[in-house]
Amino acid sequence: MMSHLIPWPFEPNTSILGSNDVHVWCASLDLKPSQLESLYETLAEDERARARRYHAQKDRDHFIVARGRLREILSRYLKISANKIHFCYGAYGKPALASSTDRQPLHFNISHSHGMALYAISLDREVGIDLERVRPGVMKENIAQLFFSPYEVEKLRSLPDDLQQKAFFNCWSRKEAYIKARGEGLHIKLDSFDVSLCPGEPPTLLRSSAGPDESSRWSLYDLNPGKDYAAAIAVEGHDIRIKCWQWGETPTG
Ligand SMILES: CC(C)(COP(=O)(O)OP(=O)(O)OC[C@H]1O[C@@H](n2cnc3c(N)ncnc32)[C@H](O)[C@@H]1OP(=O)(O)O)[C@@H](O)C(=O)NCCC(=O)NCCS
């Protein structure tokens, strides 16, 4: 199981994934203009068009870096140039490798938040990852009532005040990682499944209306990419080995 103490060292020279491995890369999205430009060069035309549609420059730059990095990371595993990678999209927008690129059955998922991105890469297991910036004061908003299941709301309310924020982000990131692993986005009703959330309890999918075997089909893990962030990953199957690394670029001031 994932420990909060697992470090995120810089760039190993590995690109070998075993069938039980999931590699998680953490990267900054705030780069120097020259670095941004070279990542832009690797994007496909549809990605450049999407980048142009962002009104705010920061959002545009973050999208370019997130996609450019994704291409760089995947190219390391696929052993082809970043600009030769082709993506296709699931019915609800989940990106995957197009068959023209799919040299090996590689799965991946991305999440980004406030200048940071996490990338999960696995060989033949479906994965979903979620990264959230921790916002103090979130418990004063009625978000849990809107997005969590009745079981989760009740559990959250039963906790002492000082544990509620941690439990809230446990719940949010685990739920989001699960729906991203399934690739159906918000077409999965957020109250149709329960996750564990109490601090100290193992991350688990406790129930899903998708079927009795659904809980045993997925493993959930917490990740700890930084002080102000919460993150979780959902992986198909069991006995998963998760390794976490920093992508080695120097962020801008
Ligand atoms: C789109 C969605 C998959 C994630 O959105 P998000 O949380 O805003 O964003 P994240 O940064 O975690 O993930 C975005 C990335 O997921 C990937 N993605 C897009 N659609 C996806 C899908 N259907 N399934 C999995 N991954 C998807 C993309 O790579 C995307 O990055 P890109 O747009 O730069 O290509 C979807 O789950 C959503 O709209 N969630 C709403 C959030 C919410 O209400 N959560 C409540 C949780 S309790």
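Nothing in this text is a laboratory measurement; each read-out follows from the coordinates by a stated rule. The shown structure was predicted, so the numbers you read here are calculated from the model rather than taken from an experiment. Counting neighbours? That spans all protein chains shown, and the Cβs are built from the backbone with ideal geometry, glycine included.
Counting pairs of Cα atoms in the chain, how many percent are more than 28 Å apart? Kindly include the intermediate steps, with their values, before the conclusion.
On the way: 10517 of 31878 pairs.
It works out to 33 percent of all Cα pairs.
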Semi-axes a, b, c in Å (a largest) for region 134-235, each sqrt of 5 times a Cα gyration tensor eigenvalue, come to 21, 15, 13
Cα extents of region 1-145 per principal axis, largest first, Å, are 48, 41, 34
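Give, in nm to one decimal, the length gained when the segment between E201 and S215 is fully stretched (0.36 nm per residue of separation minus the Cα-Cα distance). Display every interim value, and only then the final one.
Values: separation 14, 0.36 × 14 = 5.04 nm, distance 1.59 nm.
Extra length from E201 to S215 when fully extended: 3.5 nm.
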Descending packing, highest mean Cβ count within 10 Å first, for 154-161, 104-111, 226-233, 125-132 is 125-132, 226-233, 104-111, 154-161
Subtracting the Cα-Cα distance of K166 and N20 from 0.36 nm times their residue separation yields 49.7 nm
For Q145 and I80, extending 7 Å from Cα along the Cα-Cβ vector and measuring point to point gives, in nm, a value of 5.1 nm
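Would you count, across region 130-239, every pair of lysines whose alpha carbons are under 13 angstrom apart, provided the pair is eight or more residues apart or spans two chains?
4
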Here, D228 and E184, labelled 7 Å along Cα→Cβ, have an inter-label distance in nm of 3.6 nm
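Between V138 and S34, what is 0.36 nm times their sequence separation minus the Cα-Cα distance? Round to one decimal in nm. Before the final figure, lay out the partial values.
Details: separation 104, 0.36 × 104 = 37.44 nm, distance 3.70 nm.
Gain in length upon complete extension: 33.7 nm.
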